[in-house]
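The values are calculated or read from the model by the stated rules, or taken from the named source; none is laboratory data. Small disclaimer: the values here were computed from a predicted structure and weren't measured. Using ideal geometry, Cβ is built from the backbone for each residue, glycine included, and neighbour counts are taken over all protein chains shown.
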């Protein structure tokens, strides 16, 4: 009997049913590199992509596949592929779609590594990117050229927290038959499922909220299956004959899952950014509690935002759920459950004040990650961006008083008390 | 491959190998609202086994243009004409769901072609409830989604798939969305209106194979078992899954079909 299970149920069950042989309720960790073939015929059928199955863990693995199928179910996608990190996912998508001479339109307000890949690395291979304001659909449309092969952005920008108007941008991409690829790490499918808003491909850093416990690095690509790759001139390596498997056309043979089939056959095979089965297991443990955690993340985020807004030592607070955020209306429309659990705020007293604050809090951890169950903080002005002048930081959308806060799941009163210790240190410094 | 047939662009999947019309050809016929992609894991499998394989997208389905056929008979005539056009000499037809009704009719009218018929999740009649008929006309996307949900067994609900990373629902919905919007309405009405199944079943003289599904909600097992009683000398298998046997149990299905084909040699 088909049930069409809901999100919370899929978070726990999708991708796995108890093993018939052992009865294992949890997804087993298949810590193996390879799989015994029952016959040469079976081996050939796997190599030729005649049927699904596993032949080598660099390409696929049963534990990793359970994670992939869970992600596909949660996002409402046709298929998914998990890999070693979010950046690996990003590179796999770009390299699967683009070739020498192609062009990308991307948001100018993104995670530094995403910008580095597109601005510095890909041009060496002949793929150029124009960066535009993600809040300006007209600018995105104007930037699209005849050789543009994808539009890329982050649903919730890191670290600026800009919100992309996904339905508007999807309409533009759709009218020009260009796939809209979104980094949905900060929202997770719990807060927003991009395919419902017209996006075509989603990439995730599973390391963050999906995994949620800061114990395993991983990434994923989820393919909406809603993009027509049939234009052989525009997407020759997906719809035209590919060098692999005697000139296979991934589009003709795999339709909605063409992109994932191509990435598995080419990207995973040639580049090899596979996810370890043990990490896949850890990440799935996190996903089991994703709905519970995201509810609490959002509840705590709203509480700490109010606390910071009303605090005398705080100059400014930025979160898309606050009415003062420039993208608040877009956030309300596309992220009605909440706009994630990253809050940026500025402390009165500039760079030195930020440094004093961060060094005085005890419960919140000072580190370079987000999306952990524990509250995390970083002060870019004294750490990741300490080599930059105040002016240079401003150009990148950062200020030297800015603290990036990743709100955790603690009792929020304890975090507030902890922050008071930081503010006390700042007060002392300011005197 | 793409050909122009009856004045319309027509796509025919060949499993990644060239069609050799002098060899025995396996002709896969897709179900209502489906296209060649419902046989992803059969087309390449049998093509690489050395069979000549064709998986046509019926008019207005998948990559094919043209107007959808409006009855099972019209579907059968279209297939018959295609087999003539391709100059195929010896054909084993493998139908899934609606494709089984088309295969029955094809045998009834044009039996000289057929060396065998294989029925997957089939019956001699496929009545469709009025709600789904109406929905396929008013909101084919919603109707497709409901069919994908009803059609799959527990593996669909829980995204259990032998093909790593693939989702039955996500893939199934998008496969159906590739068709022209009017295709589903005509398919479902064709099934509902087809009343010659008993006669057509009794007329089959060639060896037959039926693979039925235990948890089939589209062509229920009970109906499938009555159907096979009408067939002379039919080899029958029942698999533990839903209606979408080709993607839910690809290896088991391929193995059963392969053994049957070897017996035909």
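Results, tabulated for the structure shown:
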{"item": "Identity of the residue in the range B:212-223, out of contact with any helix residue (DSSP H, G or I) (no Cβ under 6 Å at 6 or more places or on another chain) and away from every other protein chain (no Cβ under 14 Å), that ends up nearest to residue B:153 (Cα to Cα)", "result": "B:219"}
{"item": "Identity of the residue in the range A:10-41, facing chain B (nearest Cβ under 9 Å) and under 24 Å from residue A:79 (Cβ atoms), that ends up farthest from the chain's Cα centre (by Cα)", "result": "A:17"}
{"item": "Matching entry among A:338, A:349, A:381 (being on the phi > 0 side of the Ramachandran plot and modelled with pLDDT under 95)", "result": "A:349"}
{"item": "Sole residue being assigned by TED's automatic domain parsing to the domain that holds residue A:413, modelled with pLDDT of 95 or more, buried (at least 21 other Cβ atoms within 10 Å of the Cβ) and over 30 Å from residue A:15 (Cβ atoms), chosen from A:343, A:314, A:309", "result": "A:343"}
{"item": "Matching entry among A:271, A:243, A:250 (being over 16 Å from residue B:44 (Cβ atoms) and within 14 Å of chain B (Cβ to nearest Cβ))", "result": "A:243"}
{"item": "Residues of the range A:59-85 satisfying the condition of being more than 25 Å from residue A:200 (Cα to Cα) and either out of contact with any helix residue (DSSP H, G or I) (no Cβ under 6 Å at 6 or more places or on another chain) or within 7 Å of another protein chain (Cβ to nearest Cβ) (or both)", "result": "A:62"}
{"item": "Complete set of residues in the range A:323-340 that are surrounded by fewer than 18 Cβ atoms within 10 Å (Cβ to Cβ) and touching a helix residue (DSSP H, G or I) at 6+ places or on another chain (Cβ under 7 Å)", "result": "A:337"}
{"item": "Residue in the range A:3-18 that is at pLDDT below 95 and at positive phi present", "result": "yes"}
{"item": "Residues that are out of contact with any strand residue (DSSP E or B) (no Cβ under 6 Å at 6 or more places or on another chain), more than 13 Å from every other protein chain (Cβ to nearest Cβ) and either in a helix (DSSP H, G or I) or under 26 Å from residue B:37 (Cβ atoms) (or both), drawn from the range B:224-258", "result": "B:225, B:226, B:227, B:229, B:230"}
{"item": "Qualifying residues in the range B:1-52 (those that are within 11 Å of chain A (Cβ to nearest Cβ) and in a strand (DSSP E or B)) - the one farthest from residue A:256 (Cα to Cα)", "result": "B:2"}
{"item": "Listing of helices (runs of 4 or more DSSP H) fully contained in the range A:224-306 that carry 3 or more residues being at pLDDT 95 or above, crowded, with 18+ Cβ neighbours inside 10 Å and within 20 Å of the chain's Cα centre (by Cα)", "result": "A:277-288"}
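For every residue, the table says whether it meets (1) in contact with a strand residue (DSSP E or B) (Cβ under 8 Å, 6 or more places away or on another chain); (2) outside the structural domain of residue A:259 (by TED's automatic domain parsing); (3) within 20 Å of residue A:342 (Cβ to Cβ); (4) in a loop (DSSP other than H, G, I, E, B).
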| position | (1), (2), (3), (4) |
| --- | --- |
| A:131 | yes, no, no, no |
| A:151 | yes, no, no, no |
| A:159 | yes, no, yes, yes |
| A:167 | no, no, no, no |
| A:177 | no, no, no, yes |
| A:181 | yes, no, no, no |
| A:210 | yes, no, yes, yes |
| A:215 | no, no, yes, yes |
